[in-house]
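> The structure that follows is given in the form of structure tokens.
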Amino acid sequence: MPSLTTGRPLDDDGQPIDGHALELDTDGRAAELLTESPHALASGPGSGTWSVLLDDYSDDRPEMVVWLAPDAAELPPHVHRTTEETFEALTGELTVVVEAEVHRLTAGESRTVEPGVSHFFRNDTDGFVAFRVEPPWAKTVQTQYTFFGCDHEGKFGSEGEYGEPGALHALVLSEAVSDETRIDVAPRLLQRAAWATLGRLAKRLGHRAIEERYLTDEFWRDHVEQPDR
């Protein structure tokens, strides 16, 4: 199947930087949805993740397409309190783990996770995986795009490299989505104590879960290589 190298970070002159590239299956459904979307392709280079919104940033539950590199970061198990979430595989084989039960989805297959059920997703393959998902609420997208943007601006990596959120930033993120999403990494009371102490310190140090400047197509067109549409 034909593929296109795209989605690379851009330097100050708007030129792609080698590495951290998305290999886009140009004949696949994910590429078709990207072409139809009015929004820019965004990326988190340090996490090996790309995404494009299919709805507006301001929608209650903006649907999106997500691509995972073979070495993409794996999110921790989490629970959505009131809203179901459906994962539809578009390219490759997406692994969705629901209550420790592994489900492998190929293109056209989907899996719905009911509220209150622990789950996470990952890429167990040597190729790129794409899937379509409607997150439980807008804050999921807003926090994701914020940590993507922070990564592009060098806030997570060291010595010019990209990276992932550290412990303090992760605390701020988990608190921001806690009304609807519970991260299953520690007992709830322990998480609350961490938010009240270390989380407060993190905010004083400048960590923010949501920054509006990252929620614009202009930012992403300036920082991520865009495929022709």
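> For ARG229, state whether it is surrounded by 14 or more Cβ atoms within 10 Å (Cβ to Cβ), among the basic types (Lys, Arg) and assigned to a loop (DSSP other than H, G, I, E, B).
Answer is no for this residue.
> Something else: Among the residues of the range 1-37, which ones are over 21 Å from the mean Cα position of the chain (by Cα) and either within 18 Å of GLU88 (Cβ to Cβ) or among the small types (Gly, Ala, Ser) (or both)?
SER3, GLY14, ASP27
A quick yes/no check of all residues on (1) among the β-branched types (Val, Ile, Thr); (2) loosely packed, with under 15 Cβ neighbours inside 10 Å:
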site: GLY44; (1), (2): no, no
site: THR49; (1), (2): yes, no
site: ASP55; (1), (2): no, no
site: GLU63; (1), (2): no, no
site: PRO70; (1), (2): no, yes
site: THR86; (1), (2): yes, yes
site: LEU90; (1), (2): no, no
site: LEU105; (1), (2): no, no
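> Let me ask another. Hey, does the range 118-128 have a residue that's of a type in the set (Val, Ile, Thr) and either within 28 Å of GLY14 (Cα to Cα) or outside any loop (DSSP other than H, G, I, E, B) (or both)?
Within the range 118-128, none of the residues are of a type in the set (Val, Ile, Thr) and either within 28 Å of GLY14 (Cα to Cα) or outside any loop (DSSP other than H, G, I, E, B) (or both).
> Of the residues that sit in the range 164-178 and are surrounded by fewer than 20 Cβ atoms within 10 Å (Cβ to Cβ) and either more than 15 Å from LEU201 (Cβ to Cβ) or in contact (Cβ under 8 Å) with a residue 60 or more places away in the chain (or both), which one is farthest from the chain's Cα centre (by Cα)?
It comes out as SER178.
> Could you check, for the range 50-57, whether at least one of its residues is farther than 26 Å from PRO16 by Cα, among the hydroxyl-bearing types (Ser, Thr, Tyr) and modelled with pLDDT under 95?
no
> Please go through the range 119-161 and give me each residue that is surrounded by fewer than 20 Cβ atoms within 10 Å (Cβ to Cβ), touching a Gly at 6+ places or on another chain (Cβ under 9 Å) and at pLDDT 95 or above, ordered by number.
If the condition is that a residue be surrounded by fewer than 20 Cβ atoms within 10 Å (Cβ to Cβ), touching a Gly at 6+ places or on another chain (Cβ under 9 Å) and at pLDDT 95 or above, then THR125, GLY127 are the ones that fit.
> Mind listing just one residue for me: the one in the range 92-103 that is part of a loop (DSSP other than H, G, I, E, B) and in contact with a strand residue (DSSP E or B) (Cβ under 9 Å, 6 or more places away or on another chain) and, of those, surrounded by the most Cβ atoms within 10 Å (Cβ to Cβ)?
GLY92
> Next question, about the same structure. Are any residues in the range 142-192 part of a loop (DSSP other than H, G, I, E, B) and of a type in the set (Ser, Thr, Tyr), and if so, which ones?
Within the range 142-192, SER158, TYR162, SER178 meet the criteria.
> Identify, by number, the condition in (1) touching a Lys or Arg at 6+ places or on another chain (Cβ under 6 Å); (2) hydrophobic (A, V, I, L, M, F, W, C); (3) without any contact (Cβ under 8 Å) to a residue 40 or more places away in the chain that VAL65 doesn't meet.
Looking at each condition in turn, VAL65 falls short on (3).
The values are calculated or read from the model by the stated rules, or taken from the named source; none is laboratory data. These numbers come from a predicted model, not from an experiment. Reconstructed Cβ throughout: ideal geometry from the backbone, glycine too, with neighbour counts over all protein chains shown.
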